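In what follows, a single structure is set out as structure tokens and then discussed.
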Amino acid sequence: MPDRYQIESCQRRFYEGYSHFIRQTPVWKLPGKALGVDCAEVWLKLEQLQTSGSFKARGMLNRLLSNPIPPSGVIVASGGNAGIATAAAARELGVRCEVFVPEVSSPAKRARLAALGAEVVVTGAAYSEALQACLARQQQTGALLTHAYDQPEVVVGAGTLALEIEQQAGLPDAVLVSVGGGGLIAGIASWFEQRSRVVALEPELAPTLFRAREAGQPVDVSVGGIAADSLGAKRIGDLGWAATQAHVRDALLLGDDAIRAAQLWLWTELRLAVEPAAALPLAALHSGAYVPRPDEKVCLIICGANLDPASLN
């Protein structure tokens, strides 16, 4: 698993040469009552303001900076956000980028990819099928493969988000994190270890970590639902599995109705336009899936905003 030294080194690399690209996103501290929650404080880590619209920019840039890039450029399969982040990092470094997305990916994310100059291939009903097509293409071209969540450099980059929270605000009592393939929670758990309680959150219709824990090992699951374009991995990644086994006690499931309600609440009450995957932490509080102590400081990772604004109407 990645360690805290690697995460600190990655952050220094970002600061020294790419502070214009990797943003220090704000932590917004609110009293729990402001969000209808019985706890001392809720911290919103506003990572939807990150370059490319999600936390993925951290890991994808770190992956590209850590490896030689061949003339064929870089290649990735993605529900959207990892592809957008890879395309943005590729444009920053002036290299070619090819992105394979499944049919479930949103038109808004495909349009963003095209605007960033990526070559977009739409194939397969789900992320796993797009990934297989991507791997076959990579064998033909020799392009540098970036994985959406299961490469050490990607996890280390995601871990800089957790380091940044501690630098900005100190240690929260709990950190609520959405899980798809597990790259984000792997990075966050690798930084906080067990100094803060890291809580894994998944949609009921995409329970990769939850089912892996039931089986005692990563297993394939069927995925669908409102957050499938972001949290649509078919299986928890090896790095996500290892990190959550070591550092994460709680893995909770949330229904689509609760996720959608939290997404709309963030827009109507706080004017935060975020995609469904970014709303799971608030959904966990509002639904009662996670009940904080009255004195608790809870950090919600608001992880992305690549959505069609019309979907908030």
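What follows is calculated from the coordinates using simple rules that are stated; it is not laboratory data. Everything numeric here is computed off the predicted structure, so don't read it as measured data. Methodologically, a virtual Cβ is constructed for each residue, glycine included, from the backbone with ideal geometry; neighbour enumeration extends over all protein chains shown.
Taking a virtual spin label 7 Å from the Cα of ALA34 along the C-beta vector, which residues in the range 255-293 bring their backbone nitrogen under 12 Å of it? Residues 270-271 qualify, since their backbone N sits under 12 Å from the label point. Among the listed pairs LYS29/LYS56; LYS45/LYS234; LYS109/LYS234, a Cα-Cα separation exceeding 25 Å is found for LYS45/LYS234.
Counting only DSSP H runs of at least 4 residues, each contributing -39500 (n - 2.57), and dividing by the residue count of the chain, the helix-based mean residue ellipticity at 222 nm comes to -13500 deg cm²/dmol.
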